[in-house]
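Undergrad: Structure below; questions to follow.
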Amino acid sequence: MGADNFMFARPGRGRWRIVEKGDVFEVRDPDRNIHGTYATRNAAQAACGHAQRRDDERARRIVRPCLCCGQPFRSEGIHNRLCSRCRTSEEGLLPHAIAPRSGRPR
């Protein structure tokens with residue numbers, strides 16, 4: 001495996017946390033800044049989970065080359081490999097052009 005065979009940092013490395021301060025719960029970002037205080041742990045967990053999912057989605061959005069035309073575009077995640085122009089065109093790649101069948105029955 002070459003030096004260019006690497007994996008991106010997995011989303012979720014920076015974790016949001018809940019800190020209990022007396023009778024309230026603080027939601028803190030990965031830099032330890034307070035983003036809200038809540039009276040119940042359930043409310044704090046819901047806010048913490050929402051913020052973590054939002055950060056994970058942002059981390060997955062990177063610039064990738066289109067598999068059809070090769071132009072770089074802002075991808076929504078690993079599942080999004082064609083730019084919007086190629087995805088909507090009728091001349092886009094056919095599924096068998098991307099992954100030809102091996103001839104074996106499935």
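The values are calculated or read from the model by the stated rules, or taken from the named source; none is laboratory data. If you're wondering where the values come from, they're calculated on a predicted model, not measured in any experiment. For neighbour counting, all protein chains shown are included, and Cβ atoms are generated from backbone atoms with ideal geometry for every residue, glycine included.
Undergrad: Out of segment 52-86, which residues are of a type in the set (Gly, Ala, Ser), on the phi < 0 side of the Ramachandran plot and within 15 Å of the chain's Cα centre (by Cα)?
TA: Selection gives Ala59, Ser75.
Undergrad: Scan segment 74-84 and give yes if some residue there is modelled with pLDDT of 65 or more, in contact with a strand residue (DSSP E or B) (Cβ under 7 Å, 6 or more places away or on another chain) and not in a loop (DSSP other than H, G, I, E, B), otherwise no.
TA: Among the residues of segment 74-84, at least one is modelled with pLDDT of 65 or more, in contact with a strand residue (DSSP E or B) (Cβ under 7 Å, 6 or more places away or on another chain) and not in a loop (DSSP other than H, G, I, E, B), which makes the answer yes.
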